[in-house]
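The values are calculated or read from the model by the stated rules, or taken from the named source; none is laboratory data. On a predicted model such as this, the values are computed, not experimentally measured, just so you know. With ideal geometry, Cβ positions are generated from the backbone for all residues, glycine too; neighbour counts draw on all protein chains shown. Keep in mind that these areas ignore ligands, DNA and RNA; they rest on the heavy atoms of the full protein, side chains included. Shrake-Rupley method; radii C 1.70, N 1.55, O 1.52, S 1.80 Å.
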Amino acid sequence: MTSQEQDPSQRKYRILRETDLRDYLAGLPPIVAQLGGSPTDWSISEVGDGNLNLVFLVKGSHGGIAVKQALPYVRLVGESWPLPLSRAHYEHLALVHQARLAPKLVPAVLHHDGPLALTAMELLEPHIIMRKGLIAGTRYPRFVDDISTFLAQTLFFSSDLALTAAEKKQGLAAFAGNHALCKITEDLIFTDPYRVAEQNRWTVPYLDATAAAFREDLDLHVAISRLKLKFMASPEALIHGDLHTGSIMVTDRESRVIDPEFAFYGPMGFDIGAVIGNLIMAYLASTGHERSPGERASFEAWMLETIEGVWSEFSRKFLALWRSEAKGDGYPQSLFSGEAGAARLEAERQAYMARLFQDTVGFSAAKIIRRILGLAHNIDFEWIADEKRRAISEARSLKLARTMMLEAPSFTTIGAVTKAAREVRNWQPDFAG
Ligand code: SR1
Ligand code: MG
């Protein structure tokens, strides 16, 4: 036996500790070559700070890799919340698919082991998690171009605009089993923040009244339920499914999208809204990280430009793909022939983008609310040590998100969203005084 991969006893699922991982990787010749040196000299450390998985960084004399292993439960909560290991399969499938559609914008997969729910990937170095960079006030000049390309290419090329009906349905079937991860989203984003749920939390006592108001607000309950239904019943494209700024790694020269374990065929606006909602939170949290008033003003101006750039560049690239690569069964060319047909199709493309923008605004708002009133919070706010200052940023975000969700049709441009964000940044909640 030359490799542990060929030894059936080694292929059963077990949670890997650092020493087990060393032995396991030592049995994989391509990985040994990539790392270099003797396995006994490799440094291995578990660095996972996400909500679900183990993540190891492994470094040898020649190079490094990242290894991700799914745990059979939600790491954030513990063994009382079991979660299928199959998510590692869907993540692997999505990474391979995204690498084809958006080359160089996701980490390269080096090895995948289904039974161990483990994937070894290219080590992204010196990249950092974008959320941490934004908290530090760092600007990323490549980000708008990279994320808009990622969104336009992964969404367009997995949609009915680019695929035949048969191809699209095969894709849908391949990801249909990832329903346990969808259920997390259905509960944690679209339901729990609006009802009494054991795991909800918020910054007490400052947000007590707002949390209670959200639980009683039937207009909001209708709006979030419409979004939930759209999430559950709109298989428009293969979406990443968890595209927050903690799922993006950046340097000043490049950006990579990681962690697509929530991938499934869903509404495109959920991914675009995730990016924009998380940028809005970074913008409104920024004041909580300043050491003197106005210290981060130019960074904040860049954040607003970035929010505008994400939508406008995505929209431009998506439309360009639709005009040049529409080989799918949606909008048959034969129905839009001649000059009049071409003009009508172009008008329809614009109408499609307007509807997608409405979805994006609504999903952005849902993403903001869940991070402030639900189970899983984000460090943009959590790292503001002074609880009152944190609550001020959170209250502003909730106020903006509520308006975006209830009045989505009044936001017809991304400029209207950034204008509202700029205005709410100066609003003082009652408890601030
Ligand atoms: C219980 S998992 C909580 C959250 O972590 C992931 O990153 C997803 O956003 C999920 O909703
Ligand atoms: Mg994740």
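Amide hydrogen proximity for Tyr73: with H placed 1.01 Å from N in the peptide plane, the residues at 5 or more positions away or on another chain lying under 5 Å are Leu83. If you wrap the tightest convex hull around every Cα atom of the stretch 161-283 and split its volume per residue, you get 141 Å³.
Working note: Karplus 6.51/-1.76/1.60 with θ = phi - 60° gives the stretch 416-433 the couplings 5, 5, 5, 5, 5, 5, 4, 5, 5, 4, 9, 7, 10, x, 3, 6, 6, x Hz, where Gly and Pro are set to x. Inter-label distance, Ala432 to Glu290: 1.1 nm, where each label sits 7 Å from its Cα along the C-beta direction. So, in Å, what gap is there between the alpha-carbon centers of the stretch 21-45 and the stretch 316-344? Cα centroid of the stretch 21-45 versus Cα centroid of the stretch 316-344: 51 Å apart. Taking every C-alpha pair closer than 8 Å and separated by at least 6 residues, the mean separation divided by the residue count of the chain gives a relative contact order of 17 percent. Taking a straight line from the alpha carbon of Lys168, these aspartates and glutamates sit under 16 Å away, with near neighbours fewer than eight places off in the same chain left out: Asp160, Glu236, Glu325, Asp329.
Of Ser247, Ser38, which has the most accessible area with a 1.4 Å probe, and how do the rest follow in descending order? It would help to have the intermediate numbers written out before the result.
Working: Ser247 0, Ser38 45 Å².
Sorted by accessible area, descending: Ser38, Ser247.
Derived scalar couplings between HN and Hα for the stretch 289-294 equal 9, 7, 8, 9, x, x Hz in order, rounded to whole Hz, by the Karplus curve 6.51 cos²θ - 1.76 cosθ + 1.60 (θ = phi - 60°), x for Gly and Pro.
From the square roots a ≥ b ≥ c of the eigenvalues of the alpha-carbon gyration tensor of the stretch 128-432, which class results: rounded (a/c under 1.5), prolate (a/b over b/c), or oblate? Don't jump to the answer; show the numbers that get you there.
On the way: a/c = 1.82, a/b = 1.53, b/c = 1.19.
Prolate shape, in that a/c is at least 1.5 and a/b is the bigger ratio.
The trypsin sites (Lys or Arg not before Pro) of the stretch 265-353 meeting both criteria, a DSSP state outside H, G, I, E and B (loop) and at most 12 other C-beta atoms within 10 angstrom of the site's C-beta, are Arg291, Lys327. Looking at the stretch 161-202, the trypsin sites (Lys or Arg not before Pro) that sit in a DSSP loop and have at most 16 other Cβ atoms within 10 Å of their own Cβ are Arg195, Arg201. Based on DSSP H segments of at least four residues, each scored -39500 (n - 2.57), the chain has a per-residue ellipticity at 222 nm of -16000 deg cm²/dmol. Under 19 Å of direct C-alpha separation, and excluding same-chain neighbours fewer than eight residues apart, Lys399 reaches these lysines: Lys367, Lys388, Lys419.
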